[in-house]
Amino acid sequence: MREIVLDTETTGLNPRGGDRLVEIGGVELVNHIPSGQIYHVYINPERDMPEEAYNVHGLSEEFLKDKPVFAGVAQEFYDFVGDATLVIHNAAFDMGFINMELERFGLPIIGNEQVLDTLALARRRHPAGPNSLDALCSRYGIDNSRRTKHGALLDAELLAEVYIELIGGKQSSLGLVSASSEHEEGGSGPSVGGRSIQPRPTPLPSRLTEAEMEAHAKFVAKLGDEAVWRQYIEIEAKG
């Protein structure tokens, strides 16, 4: 399963009122594990930078003037996203800008069915809040000390950590498959997270004492020849 944890920075709050994207940051997860692939771009918004927005992210007109316009990165962004689920905090805001920009250049918009909103997820899990990204980092012990201003890639990296915690922590990415189901499907053995489990070179020693094994054997002897434990003893004897 492929997911892109995404964040954006903009010139303001209204994508239909002239505000534009200025930064996109994305972190790829495969089966809830960072793959090492990222997407990051600064964008020339082709307009001025309001002071209020500059105070949030620190991206000035001077810094952005030699960066590509969205038309120059639209296709590569679209290709990077593909059919992955987009994991976004307060997704309606970011998707409003992303879809506005995609529409401007004739690319299909990204539907809500492809988007997972971590703010909605956090509100269900922590109804008393607060559920801002900073608050969730604090709740889960995630170091956000570098976040002196908003930045799309840094925020996406932090959100990826928060998202894993929201869905149950790092162990949620471990998919345990029984040996029987693997063999039924033609596999070579059990696996964890898609990786085959290899047997130990030297089996662990039994934790049963001789006295415990002797007591168990006497107990089974009293159950008669039809006892299910007899089947296990026969299997063990056959190796």
* Which of the residues belonging to the range 111-134 are without any contact (Cβ under 8 Å) to a residue 40 or more places away in the chain, in contact with a helix residue (DSSP H, G or I) (Cβ under 6 Å, 6 or more places away or on another chain) and closer than 22 Å to Asn14 by Cα? -> Val115, Asp117
* Structure fact -> Subset of the range 95-109, residues of a type in the set (A, V, I, L, M) and either surrounded by fewer than 17 Cβ atoms within 10 Å (Cβ to Cβ) or over 19 Å from the mean Cα position of the chain (by Cα) (or both), comes to Ile98, Met100, Leu102, Leu107, Ile109
* Would you pick out the residues in the range 67-97 that are of a type in the set (Asp, Glu) and over 23 Å from Leu13 (Cα atoms)? -> Glu76, Asp79, Asp83
* To do: Show the residue pairs that are 6+ apart or on different chains and have beta-carbon atoms under 6 Å apart, the first residue being within the range 142-154 and part of a loop (DSSP other than H, G, I, E, B), the second being among the hydrophobic types (A, V, I, L, M, F, W, C).
  => Asn144/Cys137; Asn144/Leu158; His150/Val56
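Each reported figure results from applying straightforward, stated rules to the coordinates on display, with no laboratory input. None of the values given here were measured: they were computed from a predicted structure. Note that we place each Cβ from the backbone using ideal geometry, even for glycine, and neighbour counts take in every protein chain shown.
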